[in-house]
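Nothing in this text is a laboratory measurement; each read-out follows from the coordinates by a stated rule. Just so it is clear, the structure is predicted and the values come from calculations on it, not from any experiment. Note: ideal-geometry Cβ built from the backbone for every residue, glycine included; neighbour counts use all protein chains shown.
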Amino acid sequence: MIQIVDDFFEKEELKKIQGYVKKGLPYIPRYFGKELVRNKETYYGMRFSLKHDKDLADILCRQAEKKFNIKIDVIDPDSGIDMRNLDTLKPHTDPAAANVLLMIDGPVAVTNGTVFYTKRKDEDMKDLDIHIGFQPNRAVFFPSDMTHAANVSPVKDMRRYTCTLFLWQYTDQWGKKYYYDRDKECLTIK
Ligand SMILES: [Fe+2]
């Protein structure tokens, strides 16, 4: 189930985070498909991995716990801040139990948010289903096996900052645990 909150951080905290991610963190280029082929088609965008900044990771996780009423047990250390390339739609699922996507800074528009498809992992490609517009301080929680993509934008070289926490293990408000089994590449619920 997709959940959206539009007031993830308090105003002052958001300003601090926006300033921090825009002041030149060492972003590096990332590619889809296990990084095996690096070209324009596989280019994902620039990422600053949260494993290099535990304090920022903690702030983001604690706030996600509060806003989505979950307990985060383990995140992918490669969760991070992204400056995305928005030339082409790249529908995909992510190797995690759930994603927390936080829109940090960028132009408010319906064309530069995130889209979801009716397809789930291992099913045939289906149609565009849900479209969530970009708005700073909006956060979206969703199961990682929902096929999704950053929407394409007609604005050239647009800077759009987002953060994704890939939750490998979390507990919901009823105490149910969700694990991503990295060996079997599947979600287990206990
Ligand atoms: Fe993703």
Among 52, 148, 92, which one shows the biggest mean-square fluctuation in a GNM of the chain, springs joining Cα atoms closer than 10 Å?
52
What nm value, rounded to one decimal, do you get for the distance between residue 55 and residue 174 when each label is placed 7 Å out toward the C-beta?
4.0
From the backbone phi of segment 20-26, what are the Karplus-calculated ³J(HN,Hα) couplings (6.51 cos²θ - 1.76 cosθ + 1.60, θ = phi - 60°) in whole Hz, Gly and Pro given as x?
5, 6, 9, 8, x, 5, x
Students often forget the sequence filter, so: which aspartates and glutamates lie under 15 Å Cα-Cα from residue 176 once same-chain residues fewer than 8 apart are removed?
65, 73
How many nm is it between the label spots at residue 108 and residue 92, if each spot is 7 Å from the Cα in line with the beta carbon?
3.0
Using the structure shown, list the pairs from 67/177; 22/90; 67/190; 23/51 with a Cα-Cα distance above 28 Å, or answer none.
none
If the elastic network links every pair of Cα atoms under 10 Å, which of 89, 165, 101 fluctuates the most in the Gaussian network model of the chain?
89
Please state the Cα pair-distance histogram of the chain with 10 angstrom bins from zero: what percent is in each bin?
9, 37, 41, 13, 1
In whole Å, how far is the Cα centre of segment 19-78 from that of segment 157-178?
10
If we count other beta carbons within 10 Å of each Cβ, what is the order of 172, 145, 55, fewest first?
55, 172, 145
Reachable aspartates and glutamates from residue 40, criterion Cα separation under 12 angstrom, eight or more residues apart if same chain:
87
Would you list 189, 17, 72, 59 from fewest to most Cβ contacts within 10 Å?
189, 59, 72, 17
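Among 47, 38, rank each residue by its count of other Cβ atoms within 10 Å, from fewest to most, as a rough exposure measure.
Going from least to most buried by this count: 38, 47.
Could you calculate the FRET efficiency of residue 41 with residue 128 from 1/(1 + (r/R0)^6), where r is the beta carbon distance between them and R0 is 35 Å, rounded to 0.05? Walk me through the numbers on the way to the answer.
Details: r = 20 Å, r/R0 = 0.58.
In this case the efficiency is close to 0.95.
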Can you give the helix-only mean residue ellipticity at 222 nm for the chain, where every DSSP H stretch with n ≥ 4 adds -39500 (n - 2.57) and the sum goes over all residues, rounded to the nearest 500 deg cm²/dmol?
-4500 deg cm²/dmol
For the pair residue 118 and residue 69, how long in nm is the line joining their label points, each one 7 Å along Cα→Cβ?
3.0
With unit charges on the beta carbons (Lys and Arg positive, Asp and Glu negative) and the dipole taken about the Cα centre of the chain, which residue among 70, 169, 134 sits farthest to the positive side?
134
Cα-based shape type of segment 1-43, given that a ≥ b ≥ c are square roots of the gyration tensor eigenvalues and the cut on a/c is 1.5:
oblate
Under a Gaussian network model of the chain whose springs join Cα atoms within less than 10 Å, the largest fluctuation of 86, 102, 56 belongs to 56
